[in-house]
Amino acid sequence: MGKSSKKNKVILAPPLPPDVDDEDILVSDEDVDFVEENREHVHLITGLNRKALDKVVTRVPDHDEDKVELLYEERERKRRAALALKPKDDDDLEVDPVDALPVKTLQGELLYRTAKRARSEDKAKGAESRSDDKDADAKQSSQKECKGRSNKKEDSKLQNVQRPLEVPKEKLHSVVLEEVKEELSADELFEKKKAQLAELGMAMLEDPESNIRSLNDLLIICNDTDQRVVKLAIMSLLAVFRDIIPSYRIRQLTEKELAVEVSKEVKKTRYYEYTLIRSYKAYLQKLISLEKQPYFYLVAVRCLCSLLDAAPHFNHRESLLASVVKNLSSSNDVARKLCSEAIRSLFRNEGKHRGEATVEAVRLISASVKLNDCQLHPDVVEVCLSLKFDEDLGKDESKEEKMKPKKNKRYQNRDVTKPSEKKKIKKELLSKARQEVHADLRAVSFTLDPKEKKMIQRETLAALFETYFRILKHSMNTSNSRYKATSVFPGGSHPLLAPCLEGLGKFSHLIDLDFMSELIACLKKLSGYTDHQGEIPPDNTLSVSERLQCCIVAFKVWRSNLEALNVDLQDFFVQFYNLILEYRPDRDRGEVLADALKTLLWEGKQQDMLRAAAFIKRLATFALSFGSAEAIAALITLKHLLQKNTKCRNMLENDAGGGSLSSLVAKYDPEAKDPYLSGALATVLWELSLLQKHYDETVSGIASNILSMANLNATQNPVQLSSSNPLEAYKDLSMGRELSKPTHKVSQTLKCKRKRRSKEFVALSPDVLEKADCTVGEDELREKLQSHFAVLRGISENERLRTELNHALSSINMYKEYKKQKKVSKKSKKAAKA
């Protein structure tokens with residue numbers, strides 16, 4: 001190959017001498033005499049064809065003329081570029097290339113010698129005059145020459161941008177292979193790599209120990225340029241790791257263990273474990289890097305969640321937990337649901353990881369809440385509701401400890417002989433051996449001792465309540481401040497407050513008594529209560545549902561500690577009495593209101609008569625104002641209060657003067673802020689007579705059942721229609737209402753309109769029309785018809801304009817929301833960079 005290429009190499013002829021202008025040629029007298037003497041031979045020189053001679057001189061044998069011409073053009077272009085880049089001095093004169101031999105540099109460039117320009121004093125007068133003129137103009141044109149040099153350099157650079165044409169070379173073996181690979185279609189390559197992945201995966205599943213090196217091949221395929229192949233490789237590695245990961249955590253070997261000589265089987269298992277951990281770590285790093293790319297985001301998150309669910313006990317659990325907890329607040333609903341389900345299964349199945357992963361996950365959630373200033377998705381804190389804590393830990397141990405001193409009292413007065421040294425040594429050896437055996441069993445088994453389990457649960461509780469109290473503190477600071485933060489997540493400026501309050505209500509029996517008074521004071525502030533009557537904090541950014549939840553949590557905390565706290569909850573009753581009127585079904589959550597009715601009024605001890613009467617009257621007004629689900633929850637609570645407080649049944653009387661009981665306030669004040677000052681005993685429940693005619697049968701039935709209590713004695717109670725609490729009744733009725741909703745409302749309304757029109761329209765026979773007196777003139781009839789059809793056209797035009805207006809308004813609102821989200825995302829990016 002090399003010899004043939006050298007033989008076929010194109011060798012160009014040397015460049016021709018440069019052309020010289022006729023003005024620059026100096027002819028001597030001897031030359032003129034020589035030409036005059038030899039005039040006979042002049043026609044031989046003048047008759048020569050110069051172009052033909054140049055073609056013969058520059059001809060290269062056994063080569064294509066077009067290729068040779070391209071090479072000449074390339075050489076000429078290089079020469080011009082070299083001349084343009086070469087700085088020209090006025091004092092130097094380039095020697096003619098024909099007369100002087102060039103010097104070839106190491107880079108392959110030809111350099112011709114230059115000589116100093118000679119200044120002859122024996123020049124003609126005309127030449128001297130020309131040189132004087134040039135010297136006079138030199139000072140004026142000095143600045144122009146500098147600018148000209150810079151322009152020449154730029155022109156030379158522009159000339160060098162064009163790449164020289166390359167002569168086609170012989171194809172090497174590697175180039176041929178690359179061309180063959182490119183000629184293969186993408187589908188064939190994809191199928192080939194797919195089959196390769198299947199082979200490697202099957203080999204790993206059949207015999208992992210002998211084919212452990214296949215993991216490296218699978219990891220190499222994960223770096224492929226084709227995205228489909230990368231996705232298949234990631235999923236294949238997930239299936240392999242889920243199958244071959246052992247049920248124990250691989251420990252790193254110490255220096256002493258590595259220094260000891262072991263058998264071949266031990267070496268093989270050590271190599272297998274080392275390769276497995278290394279490949280698993282590389283796979284996790286690959287998933288975390290692919291998680292940043294939008295094409296692989298969902299696949300990477302699904303793989304991370306699956307690994308956390310399958311092997312929470314294995315090595316590198318920290319990186320897995322960190323990535324999953326970070327995606328709990330993702331804007332992608334699918335990824336967020338996957339991560340929340342993975343964390344919930346981690347909390348439920350503590351037998352897989354002995355509870356250690358639970359502590360790490362809760363600590364990571366706490367750190368994430370602190371880092372993001374409580375501006376996260378509610379799912380981040382809501383997953384903590386799946387935690388489970390044992391309340392009866394350590395009871396058996398305490399009983400045994402109490403029984404031991406009683407048995408040892410008999411031997412207190414007896415003299416016990418000291419054991420010998422041999423027995424001491426034997427006991428120490430036995431105790432050491434037992435400790436080692438117990439340590440090995442603990443390392444292998446996933447069951448924990450009661451002491452260890454209690455310690456882990458204490459750490460989990462500490463991290464959990466730290467998160468809850470930080471959210472409460474943040475909510476207090478932002479609700480009392482004038483600045484109202486905007487949040488992208490559901491829940492307004494306090495997205496984590498609702499799940500935080502729900503978690504405090506669930507785990508309230510585990511809170512230390514030292515923090516109870518501070519917690520209730522904090523909840524009182526968040527609920528919006530003020531010591532001065534008639535004042536409502538204007539800067540409170542919490543919703544009605546969130547303030548109701550604060551009241552619910554305060555009562556749950558008080559009751560979970562067996563009502564041992566010396567705390568007056570009258571303030572929460574006052575706040576709840578005012579919040580009932582602020583409730584709006586389209587804005588607030590009805591379940592929270594029903595839960596508040598159940599916790600504050602339906603459960604617990606008997607209520608005070610004045611307070612119970614005030615709530616009875618307000619609930620009756622509330623039931624008359626809102627839907628059937630809210631009305632039935634209010635009426636069930638009202639009925640329960642009337643059953644507990646028999647003296648309040650006098651409000652069912654229909655006398656003109658109101659109830660028969662007297663109170664401090666003689667007249668009912670519906671706008672009173674304090675239930676004790678409302679004077680509800682001086683009024684009548686006239687709302688129940690209207691509720692008897694309610695469109696919902698359940699509401700009307702309960703209203704009539706409550707009115708029947710007026711004819712009963714104080715010791716008698718009416719027949720119970722249902723024994724459900726307000727929350728259950730609200731859920732049942734709301735669920736039934738959703739199931740009974742019509743699917744096609746528009747078609748039903750159109751059918752009703754058609755039926756009405758068909759009933760109103762009556763066809764008249766022509767005989768009746770002839771007998772009728774038609775005294776209306778044609779002009780009047782024409783005007784009436786014109787006005788009628790003008791009205792119809794106006795109605796249709798109005799409908800069209802309304803639809804266009806609604807479309808424009810919806811598009812404007814969507815654009816405003818897009819701008820808001822864009823601003824929030826920019827702020828978050830700037831904060832992350834800062």
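The values are calculated or read from the model by the stated rules, or taken from the named source; none is laboratory data. Given the structure is predicted, the values throughout are model-derived calculations rather than measurements. Backbone-built Cβ (ideal geometry, glycine too); neighbour counts: all protein chains shown. All accessible areas refer to the heavy atoms of the entire protein, side chains included, with ligands and DNA or RNA removed. Shrake-Rupley method; radii C 1.70, N 1.55, O 1.52, S 1.80 Å.
So here's what we get for this one:
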| quantity | calculated |
| --- | --- |
| Selection count where residues are under 23 Å from ALA311 (Cα atoms) and open to solvent by 60 Å² or more (accessible area, probe 1.4 Å), scope segment 332-356 | 7 |
| Unique match (being part of a loop (DSSP other than H, G, I, E, B) and among the acidic types (Asp, Glu)) among ASP309, ASP373 | ASP373 |
| Residues satisfying the stated conditions in segment 241-254, i.e. open to solvent by less than 30 Å² (accessible area, probe 1.4 Å) and under 31 Å from the mean Cα position of the chain (by Cα) | PHE241, ILE245 |
| Among the residues listed as ALA620, ALA631, the single one being assigned by the TED database to the domain that holds PRO726 and either under 29 Å from LYS506 (Cα atoms) or open to solvent by 50 Å² or more (accessible area, probe 1.4 Å) (or both) | ALA631 |
| Any pair with Cβ under 8 angstrom, 6 or more apart, that starts in segment 259-281 at a residue that is more than 25 Å from ASP217 (Cα to Cα) and open to solvent by 50 Å² or more (accessible area, probe 1.4 Å) and ends at one that is among the aromatic types (Phe, Trp, Tyr) and at pLDDT 90 or above | none |
| In segment 683-723, residue farthest from GLY627 (Cα to Cα) [restricted to those that are of a type in the set (Gly, Ala, Ser) and modelled with pLDDT under 80] | ALA714 |
| Residues of segment 357-378 that turn out to be of a type outside the set (Ser, Thr, Tyr), buried (at least 18 other Cβ atoms within 10 Å of the Cβ) and in contact (Cβ under 8 Å) with a residue 60 or more places away in the chain, as a count | 10 |
| So LEU641, is it at pLDDT 85 or above and either outside any helix (DSSP H, G or I) or not β-branched (Val, Ile, Thr) (or both) | yes |
| In segment 349-370, the residues that are at pLDDT below 90 and not in a loop (DSSP other than H, G, I, E, B) | GLU350, GLY351, LYS352, GLU356 |
| Among (1) among the hydroxyl-bearing types (Ser, Thr, Tyr); (2) surrounded by fewer than 19 Cβ atoms within 10 Å (Cβ to Cβ); (3) not assigned by the TED database to the domain that holds ALA282, the one test that SER329 misses | (2) |
| Near pairs, Cβ below 7 angstrom, 6+ apart or cross-chain, from segment 667-678 (closer than 19 Å to TYR529 by Cα) to any residue that is open to solvent by 90 Å² or more (accessible area, probe 1.4 Å) and not in a helix (DSSP H, G or I) | LYS673/GLN533; ASP674/GLN533 |
| Exclusive hit being modelled with pLDDT of 90 or more and either among the aromatic types (Phe, Trp, Tyr) or open to solvent by less than 50 Å² (accessible area, probe 1.4 Å) (or both), set GLN570, GLN549 | GLN549 |
| Residue identified as open to solvent by less than 10 Å² (accessible area, probe 1.4 Å) and either within 29 Å of GLY351 (Cα to Cα) or at pLDDT below 90 (or both) among LEU464, LEU472 | LEU464 |
| Sole residue being in contact with a Gly (Cβ under 8 Å, 6 or more places away or on another chain) and among the β-branched types (Val, Ile, Thr), chosen from VAL381, VAL334, VAL359 | VAL381 |
| Of all residues making up segment 584-623, the number that are in a helix (DSSP H, G or I) and closer than 19 Å to LEU635 by Cβ | 26 |
| Check on ALA342, part of a helix (DSSP H, G or I) and in contact with a Pro (Cβ under 8 Å, 6 or more places away or on another chain) | no |
| Matching entry among ASP390, ASP379, ASP373 (being within 47 Å of the chain's Cα centre (by Cα) and at pLDDT below 80) | ASP390 |
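Rundown of residues vs (1) modelled with pLDDT of 70 or more; (2) within 60 Å of the chain's Cα centre (by Cα); (3) not charged (D, E, K, R), yes/no style:
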| position | (1), (2), (3) |
| --- | --- |
| VAL35 | yes, no, yes |
| ARG39 | yes, no, no |
| THR46 | yes, no, yes |
| LYS51 | yes, no, no |
| LYS55 | no, no, no |
| PRO61 | no, no, yes |
| GLU65 | no, no, no |
| LEU71 | yes, no, yes |
| ARG77 | yes, yes, no |
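For (1) crowded, with 18+ Cβ neighbours inside 10 Å; (2) among the hydrophobic types (A, V, I, L, M, F, W, C); (3) closer than 19 Å to LEU284 by Cβ, each residue gets a yes or a no:
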site	(1), (2), (3)
GLU199	no, no, no
GLU206	no, no, no
SER210	no, no, no
ASN216	no, no, yes
ILE221	yes, yes, yes
SER236	yes, no, yes
ALA239	no, yes, yes
